[in-house]
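Have a look at the structure below before the remarks.
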Amino acid sequence: MHNHLTASDTIGEQVRRHRDRLGITREQLAAECARLGAIGLTYAAIVSIESGRRKPDGRRRREVTFDELLALGLALAVPPLLLALPVGTEETVPTVPAADPRSPHTVWRWWTGEETPTLSGPVDGRYYTDPRSITEGGPKWSAAWAQAAYTASLYPEFERRRFAVDKAHRRAQRANDEPVRDKERATDTQQDYYEHLEQLAYHIDDMTRAGLTVPRLPAIWIEDMKGLAMLDNPDSVTPEEDD
């Protein structure tokens, strides 16, 4: 059912595709990789990556390392993960040798922790999460994954809430700075800012309980959080450094 196709095969195809998109040669790509310090990505290496040369047993002669994926993405001006998981241009991509290829978007969500991998199956056309324990008497694989993926989900949500606070804070500042100040509007926008700030504080508490480092925040936000006793652990937040 499975073959020797790997993520490196997809990456090789996408490297060629994006090199053509930029109109650059393999020599030029190798030079750009060297500029980034990836001296192993020579002209010969790029030829091997793009062509997917095989050994007698059908396996690739050269796989792409994670470090090389990052360098190739930066050299080609494309998000590195898109080289391995070309969402929107390929129907399926390889996963692991013992499992079927799946859609790039599905595997993308595995990489980011947004979705629990479903490697087992298919049964009646559907894939499912491995129900086994990692070791005899150990934790369920799915539970261990969920625990680890939870921390990965906290940072994107932090950025969403941070963006909402920034917008609300700017609205409140504009309302207060208007030449003819509308007291009711100023009060409403300030309250909206506080509500969004409180939602961010709740999330910061979740991050702190998970043992994560909270990204730096504007000093005024921190002062408001502390002044309104929004944080369980006020020392968990650090102000941004002045430029």
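What the table shows:
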| item | result |
| --- | --- |
| Options ALA164, ALA201, ALA229: the member that is farther than 25 Å from THR112 by Cα and without any contact (Cβ under 8 Å) to a residue 40 or more places away in the chain | ALA229 |
| Failed criterion for TYR127 (all others in (1) within 14 Å of the chain's Cα centre (by Cα); (2) open to solvent by 50 Å² or more (accessible area, probe 1.4 Å); (3) more than 27 Å from ASP20 (Cβ to Cβ); (4) among the aromatic types (Phe, Trp, Tyr) hold) | (1) |
| Given (1) under 19 Å from TRP221 (Cα atoms); (2) at pLDDT 90 or above, index of the condition ASN176 fails | (2) |
| Some residue of the range 66-83 being outside any helix (DSSP H, G or I), within 27 Å of THR112 (Cα to Cα), β-branched (Val, Ile, Thr) and open to solvent by less than 70 Å² (accessible area, probe 1.4 Å) | yes |
| Any pair with Cβ under 7 angstrom, 6 or more apart, that starts in the range 59-83 at a residue that is within 18 Å of ILE39 (Cα to Cα) and ends at one that is assigned to a helix (DSSP H, G or I) and among the charged types (D, E, K, R) | ALA75/GLU32; LEU76/ARG19 |
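The values are calculated or read from the model by the stated rules, or taken from the named source; none is laboratory data. Owing to the predicted nature of the structure, the values given are computational and were not obtained by experimental measurement. So basically every Cβ, Gly included, is an ideal-geometry build from the backbone, and we count neighbours across all protein chains shown. Note: areas computed on protein heavy atoms with side chains; ligands, DNA, RNA excluded. Shrake-Rupley method; radii C 1.70, N 1.55, O 1.52, S 1.80 Å.
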